[in-house]
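Below is one structure; the comments refer to it alone.
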Amino acid sequence: MYAVIDMGSNTIRLSVFKVGDGDIKPVFQKKIMAGLADYVNDKGELSEKGILRAVSALQEFRDILSGIGIRDIYAFATASLRNVRNTEEARASICAKTGIELQVLSGKEEAVYGYLGATRHMKRDQGVLVDIGGGSTELVFYKDGEILQALSMPVGSLNMYSKYVKTLFPNESELRSIARAVRTQLDGIDKSAAQYELICGVGGTIRTACKLNNEIFGAPSSNREMAASNIDEIIETVRYNDKSSFGYILKIAPDRIHTIIPGMTILSTVADYFRCTKIHVSSQGVREGYLYQKLIDEGIIHE
């Protein structure tokens, strides 16, 4: 069995997989809502408290893996370390304290691994992969199984909440500020292919949005597709500071109560910008793609 640890800006996740028949199969996973983006100080550095928060989570995961005898551990950090000024110092400190070697992925690497994981078991005709994390959003534009462009934007559900939202839920003005920040990033990318019907969604924000969609619109819990236009309706349904709004989010994802609306605002803005009409939510993403590539490189499985 193989373990993958994904240290993001909002969550730190452990996933354990078994390899068989040329593929990987999930065994179990655990996540810790570490909120590392909130530990970035005025100098733009991950603070000592943030480093210790990461260390605590990784030590917990290490103890779990030691207890079940898993030695093959792949660990990486995304925007949590990529977007701070003391990347190497923080990485070295965390590794020294935990004994777990962390690779810091570039934005493009994170995007590509997300694409590899999300599309391994689905058609790759044409679309844009969207992976909304706590500190960044990755986009991959693809057609006929080929990546046209892969990039990362420094806008995520947690850093947009921290930067623009004063209370628990954003008001109308704060929603506009988040959307404007996302559009500013989108304006800076290549527009050679500016319309995509399909979004392939990756990550906790989009999975949670789909669960809210199923709850609000009466779709079965197994449903993994939604109309892009539903996202704005979901935001309008859950963004008010009243019991009914709290109820939906507390039922579906209480640990995302402060970040899900900023995250869905990012999703809505991307969908509108590229005139997407459908969202397919993948069950796999960057962790699976990262492990796939490692195992392919080692000759354990084939492309």
Counted residues, the range 5-26 - those being under 15 Å from GLU110 (Cβ atoms) and more than 11 Å from the chain's Cα centre (by Cα): 1
When the residues of the range 159-177 are filtered to those that are at pLDDT 95 or above and of a type in the set (A, V, I, L, M), which remaining residue is farthest from VAL128 (Cα to Cα)? VAL165
How many of the residues making up the range 198-229 are closer than 21 Å to TYR273 by Cα, in a loop (DSSP other than H, G, I, E, B) and at pLDDT 95 or above? 2
Taking the range 255-303, which residues are more than 12 Å from ARG120 (Cβ to Cβ) and without any contact (Cβ under 8 Å) to a residue 60 or more places away in the chain? MET264, ASP272, ASP297, GLU298, GLY299
Cβ pairs under 7 Å, 6+ apart, first in the range 17-30 and closer than 15 Å to GLY285 by Cα, second part of a strand (DSSP E or B) and open to solvent by 50 Å² or more (accessible area, probe 1.4 Å): PHE17/LYS25; PHE17/PRO26; PHE17/VAL27; LYS25/LYS18
Which members of the range 247-303 meet the condition of being among the aromatic types (Phe, Trp, Tyr) and within 22 Å of ALA111 (Cβ to Cβ)? TYR273, PHE274, TYR290, TYR292
Tell me which of these VAL165 doesn't satisfy, since it passes every other one: (1) in contact with a strand residue (DSSP E or B) (Cβ under 8 Å, 6 or more places away or on another chain); (2) surrounded by 15 or more Cβ atoms within 10 Å (Cβ to Cβ); (3) aliphatic (A, V, I, L, M). (1)
Can you say whether ARG287 is assigned to a loop (DSSP other than H, G, I, E, B) and either closer than 30 Å to ASP21 by Cα or at pLDDT below 95 (or both), as far as the supplied structure shows? no
Hits in the range 245-270 (condition: open to solvent by 30 Å² or more (accessible area, probe 1.4 Å), farther than 14 Å from GLU215 by Cβ and part of a helix (DSSP H, G or I)): ASP255
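The values are calculated or read from the model by the stated rules, or taken from the named source; none is laboratory data. What you see is a predicted model; the values in this text were computed from it and never measured. Because the Cβ atoms are built from the backbone with ideal geometry, glycine has one as well, and the counts that use them run over all protein chains shown. Heads up: the accessible areas ignore ligands, DNA and RNA and are worked out on the full protein's heavy atoms, side chains in. Shrake-Rupley method; radii C 1.70, N 1.55, O 1.52, S 1.80 Å.
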